[in-house]
1. Among the residues of the stretch 233-246, is any farther than 27 Å from VAL298 by Cα, part of a helix (DSSP H, G or I) and of a type outside the set (A, V, I, L, M, F, W, C)?
2. Give me the pairs: first residue in the stretch 308-323 and without any contact (Cβ under 8 Å) to a residue 12 or more places away in the chain, second residue in a helix (DSSP H, G or I), beta-carbon distance under 8 Å, and six or more apart or on different chains, which are they?
3. List the residue pairs whose Cβ atoms are under 6 Å apart, where the first residue sits in the stretch 107-136 and is at positive phi, the second is hydrophobic (A, V, I, L, M, F, W, C) and open to solvent by 10 Å² or more (accessible area, probe 1.4 Å), and the two are 6 or more positions apart or on different chains.
4. Kindly list the number of the only condition in (1) open to solvent by less than 40 Å² (accessible area, probe 1.4 Å); (2) part of a loop (DSSP other than H, G, I, E, B); (3) in contact with a strand residue (DSSP E or B) (Cβ under 7 Å, 6 or more places away or on another chain) that fails for VAL125.
5. At least 2 residues that are out of contact with any Lys or Arg (no Cβ under 9 Å at 6 or more places or on another chain) and closer than 27 Å to VAL39 by Cα in each: list the strands (runs of 3 or more DSSP E) lying fully within the stretch 145-217 that qualify.
6. Got a sec? Which helices (runs of 4 or more DSSP H) wholly within the stretch 267-332 have at least 3 residues that are more than 17 Å from the chain's Cα centre (by Cα)?
7. Please give the number of the condition LEU50 fails out of (1) over 19 Å from the mean Cα position of the chain (by Cα); (2) within 27 Å of ASN245 (Cβ to Cβ); (3) surrounded by fewer than 21 Cβ atoms within 10 Å (Cβ to Cβ).
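The values are calculated or read from the model by the stated rules, or taken from the named source; none is laboratory data. Everything numeric in this text was worked out from a predicted model, so none of it was measured. Note: ideal-geometry Cβ built from the backbone for every residue, glycine included; neighbour counts use all protein chains shown. Only protein heavy atoms, including side chains, enter the accessible area calculation; ligands, DNA and RNA are left aside. Shrake-Rupley method; radii C 1.70, N 1.55, O 1.52, S 1.80 Å.
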Amino acid sequence: MRAVRIDEFGGPEVLVPVEVPDPVAGPGQVLVKVVAAGVNRADALVRAGLYHRAGRPPLIPGVEAAGIVAAVGEGVTGLRAGQRVMALDGVNAPGFYAEFAVVPATQVTVLPDGVELTEAAALPVAWLSAWYCLRHLAKVTKDDTVVVKAAASGVGSAAVQIAAETGARVIAVAGSPEKTAWAAELGAHVTLDTSAHPDDAEVDEVLRLTEGRGADVVLDTVGGRAFGRSLREIGHGGRVVALANVALEPSTIDTRDFYPKNAAVLGFQLTNLQIHGYDPREDLRELADRVAAGTYRVPVETVLPLDRARAAHERLERRDNRGKIVLAVGEN
């Protein structure tokens, strides 16, 4: 089968198209014919040798995909060949940058009619992360004001819609007028362009927009220095959810920025959650049903063929995409 492999850690240039043997589903596993694979920050970290769970090369990256069940292993129930599915597996690193991948059956979710496979490939990481953080951790309600950092990213664009659906007031933070305008199209009530309000000015603007009270929830998808600002932007009894450090830099904080406000700091990491028993299928089914019903729009900005994975990573790392980058792997 065709695949993209990493034979050594490095930049996007180490993503090399190769031919490798087809995998075979073992007991409790599902063989998925991959039609589309999502491109994620985690993939770039794996490629660079910076992901905490990545093994040593050679490696086939890719932690989420959508496709067709090709075969099921012994003991698998509820799944059969020919079904349209989405799959997630950041624990066993099956490598979805390939025509076929073997996945534990517990990480495979059947898709409803009305959800395209290209859209579905964007749900298991970015959308599931935004959903879990806002619905399960922060428990967002219609009475909340929610700040979404990097609102034009895959997670951010999902979070804007999920928070808005609850009736919450959404403040979308992004790095250009084009990105903030796009976040407004997705349902953000107020936008904040960090190119016009850098660093401390961002904090001041959030406080101004909340009449000095601060936000009820801040979804911090950036990390680094941005995390310190998130703590200052939160209000009394608020919740800061930290789920990334794409800045790849330490966070320097002052505990006085959050403990006097009786605020909660919540961490989220999808792979670690799975390791400790989280079954994503119920949440993914609920997300897919909402997409099928037209409640949510899954913005897929760029679709590139599998052999152009390098270009996909280059675009991801320039951070000029709005929404999701997806690799087209096989035929539907």
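1. Within the stretch 233-246, one or more residues are farther than 27 Å from VAL298 by Cα, part of a helix (DSSP H, G or I) and of a type outside the set (A, V, I, L, M, F, W, C).
2. If the second residue must be in a helix (DSSP H, G or I), no pairs are left.
3. Correct list of pairs: GLY114/ALA292.
4. For VAL125, the failing item is (2).
5. 145-148, 169-174
6. Numbers: elements: 270-275, 281-293, 309-318.
Helices (runs of 4 or more DSSP H) meeting the threshold: 281-293, 309-318.
7. Single failed check for LEU50: (1).
This table checks each residue for (1) open to solvent by less than 40 Å² (accessible area, probe 1.4 Å); (2) in contact with a helix residue (DSSP H, G or I) (Cβ under 8 Å, 6 or more places away or on another chain).
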{"position": "ASP113", "(1), (2)": "no, yes"}
{"position": "THR118", "(1), (2)": "no, no"}
{"position": "CYS133", "(1), (2)": "yes, yes"}
{"position": "ALA138", "(1), (2)": "yes, no"}
{"position": "VAL146", "(1), (2)": "yes, yes"}
{"position": "VAL170", "(1), (2)": "yes, yes"}
{"position": "GLU178", "(1), (2)": "no, no"}
{"position": "GLY187", "(1), (2)": "yes, yes"}
{"position": "ASP193", "(1), (2)": "yes, yes"}
